[in-house]
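S.K.: Here it is: the structure, laid out below.
Nothing in this text is a laboratory measurement; each read-out follows from the coordinates by a stated rule. Since the structure is predicted, the reported quantities are computational estimates derived from the model, not experimental observations. We place every Cβ from the backbone using ideal geometry, glycine too, and count neighbours over all the protein chains shown.
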Amino acid sequence: MNRKIGPIVIIVLALLVIEVLYFSFGAKRRVELDSGHQLVMGTFARVVAVAKDSSTAKKCIQAALVEIRKVDERMSDYKDDSEISELNRDGAKRAVRVSESTYEVLQTSIEFSELTGGAFDITVGPLVDLFHSAEEETVAPSKEQIAQAKSKVGYEKLKLNSQNRTVKFSVDGMRVDLGGIAKGYAIDKAVEAMQTCGAIGGMVDIGGDIRCFGAPAKGKDHWLIGLQDPNVPFESSGDIVIPAQVGISAGEPLLVLKLTDAAVATSGGYRRFALIEGKKYSHIIDTKTGYSSVQLTSVTIISKNATDADALATAVSVMGAEKGLALIEKLPQTEAILIPLQPKLQLIKTSGAEKYIK
Ligand code: ADP
Ligand code: MG
């Protein structure tokens, strides 16, 4: 090689190598930020954002948490000044106007009632209250009390007016309870906010219900979500955790799900129940019988969004394995993993569930 050209060729080649390295690593540079556990909606929320730089990731986490708090402020029945508390106070007297998001959740809830033959029913409030007082008084509710509460329950008694965005009760004493869907909705709103703010990946967990999009910054091309064994006591914020990342003791997961753009929600009587006269009553109630649903230990639904996963997990808990599975099989991009009461640890899955299991 020509003595003068040789070093120039080497320099040009070296520059080329540097450029290739810069583009292949620089362009892929991604940071991942974690909000840690935040107390909200009566449970813990955790947001992870993946972005090109840490200031975007930080902004996205803040945007997600703002959305979650907004849903809580509007839809909590523990907060006296929420829209749902106002509806529960005045709904029988007048049509109560609500925000677009609260209206959307009420309307979606009614759609899920229709889809599930009434298994999912947010007008369950009077029955929830009855079992709460029964727990405090440590006496099981009487048949008359159940019948009395049931007369104030039923989604067809909820009157929505889309033009005025108002809601009205057709029976005095009704009470709406969004405990079976609001967490899912808040997760979806938080994910939307993160995507708008420029996150290229993320994960939102509220009390064990989770939705993720994109991929984690390091290593894996999907998020790994551990499904908690309901028969093992644990101290986690929810029944689903990310085993490799969560900093709290959650025991061995029963199985690990791998998700990219999907949501997962778990319902089950094993975690939240009332103990009355030595008998366990799940916090999920079958509005047809007026008693809590008892057939399944835990119901996990995988779906495209968290609102659907949350509502369907509650509904399938009421419907039981046979009817619940038949419904989920019919729904596109939706899978179920059920744990029956007996035999313990025998999982029942829909036909497409396996592809999400690691
Ligand atoms: P968790 O809150 O443990 O995640 P769910 O998502 O299944 O569990 O929600 C249970 C809550 O939903 C109950 O605490 C109650 O507020 C409400 N709920 C109870 N029964 C029903 C029902 N049949 N349909 C809709 N919501 C219900
Ligand atoms: Mg639910």
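S.K.: Report the dimensions of the chain along its three principal axes from the alpha-carbon atoms, largest first, rounded to Å.
M.R.: Sorted largest first, the three principal extents are 103, 50, 36 Å.
S.K.: I would also like to ask the following. Short version: ³J(HN,Hα) in whole Hz for each residue of the stretch 332-341, in order, from phi by Karplus 6.51 cos²θ - 1.76 cosθ + 1.60 (θ = phi - 60°), x for Gly and Pro, what are they?
M.R.: Per-residue couplings from phi come out as x, 6, 9, 10, 9, 10, 10, 10, x, 4 Hz.
S.K.: Quick check on my link table: of Lys258/Lys304; Lys157/Lys330; Lys58/Lys358; Lys218/Lys258, which ones sit more than 22 Å apart, alpha carbon to alpha carbon?
M.R.: Numbers: Lys258/Lys304 14 Å; Lys157/Lys330 28 Å; Lys58/Lys358 30 Å; Lys218/Lys258 15 Å.
Beyond 22 Å: Lys157/Lys330; Lys58/Lys358.
S.K.: Moving on. Take the stretch 20-122, drop everything but the C-alpha atoms, weight them equally and run the Debye formula without solvent; then report log10 I(q)/I(0) at 0.14 Å⁻¹ to two decimals.
M.R.: -0.74
S.K.: Sequence-distant or interchain residues sharing an amide H contact under 5 Å with Ala262, placed H: which?
M.R.: Cys212
S.K.: If the viscosity is 1.567 mPa s and the temperature 4 °C, what Stokes-Einstein diffusion coefficient in µm²/s follows for the stretch 75-169 when Rh is the Kirkwood radius over Cα pairs? Kindly include the intermediate steps, with their values, before the conclusion.
M.R.: On the way: Rh = 14.3 Å.
Answer from the Stokes-Einstein relation: 90 µm²/s.
S.K.: Could you order the peptides 83-94, 160-171, 54-65 from most to least packed, using the average number of other C-beta atoms within 10 Å per residue? Could the numbers behind the result be given before it?
M.R.: Details: 83-94: 17.9, 160-171: 14.8, 54-65: 20.2.
Output ranking for 83-94, 160-171, 54-65: 54-65, 83-94, 160-171.
S.K.: For the chain, which cysteines have no disulfide-compatible partner, meaning no other cysteine Cβ under 4.7 Å?
M.R.: Here Cys212 come out as lacking a disulfide-compatible partner, given the Cβ-Cβ threshold of under 4.7 Å.
S.K.: Right, another one. Return the whole-Å distance between the Cα centroid of the stretch 143-198 and the Cα centroid of the stretch 279-321.
M.R.: A separation of 16 Å, based on Cα centres.
S.K.: To continue, here is another question. Nothing charged except the Cβ atoms of Lys and Arg (+1) and of Asp and Glu (-1): what's the magnitude of the dipole of the stretch 75-169 about its Cα centre? Round to the nearest 20 debye. Walk me through the numbers on the way to the answer.
M.R.: Details: 12 positive and 17 negative charges, 105 e Å.
Dipole size: approximately 500 debye.
S.K.: Would you please put 131-140, 69-78 in order of how densely packed they are, using the mean number of other Cβ atoms within 10 angstrom per residue and starting with the highest? List each step's numbers first, then the result.
M.R.: On the way: 131-140: 14.1, 69-78: 18.8.
Ranking the peptides 131-140, 69-78 by packing returns 69-78, 131-140.
S.K.: Is the stretch 125-186 best put as rounded, prolate or oblate by its Cα gyration tensor, with a ≥ b ≥ c the root eigenvalues, rounded for a/c under 1.5, and otherwise prolate when a/b is larger than b/c, oblate when not?
M.R.: Note, shape of the stretch 125-186 comes out oblate.
S.K.: Oh, and also: Report relative contact order for the stretch 75-169 in percent, whole number only (criteria: Cα-Cα under 8 Å, sequence separation at least 6). Before the final figure, lay out each step's value.
M.R.: On the way: 100 pairs, mean separation 32.3, N = 95.
Across the stretch 75-169, relative contact order equals 34 percent.
S.K.: What value, in deg cm²/dmol to 500, does the helix sum -39500 (n - 2.57) over DSSP H runs of n ≥ 4 give at 222 nm once divided by the residues of the chain? List each step's numbers first, then the result.
M.R.: Details: 8 runs with 124 residues, N = 358.
Here the helix-only value at 222 nm equals -11500 deg cm²/dmol.
S.K.: For Ser99, enumerate residues with amide H under 5 Å from its amide H, sequence gap 5+ or separate chain, H modeled in the peptide plane.
M.R.: The list, which skips near neighbours in sequence, is empty: none.
S.K.: Could you let me know the centre-to-centre spacing of the stretch 37-105 and the stretch 199-213, using Cα atoms, in angstrom?
M.R.: Taking the Cα centre of each part, the stretch 37-105 and the stretch 199-213 sit 15 Å apart.
S.K.: Within the chain, which DSSP H helices have Cα atoms that stretch 27 Å or more along the helix axis and a mean Kyte-Doolittle hydropathy of at least -1.0? Don't skip to the answer; put the middle values down first.
M.R.: Working: long enough: 54-75 (32 Å, -0.27).
Helix filter hits for the chain: 54-75.
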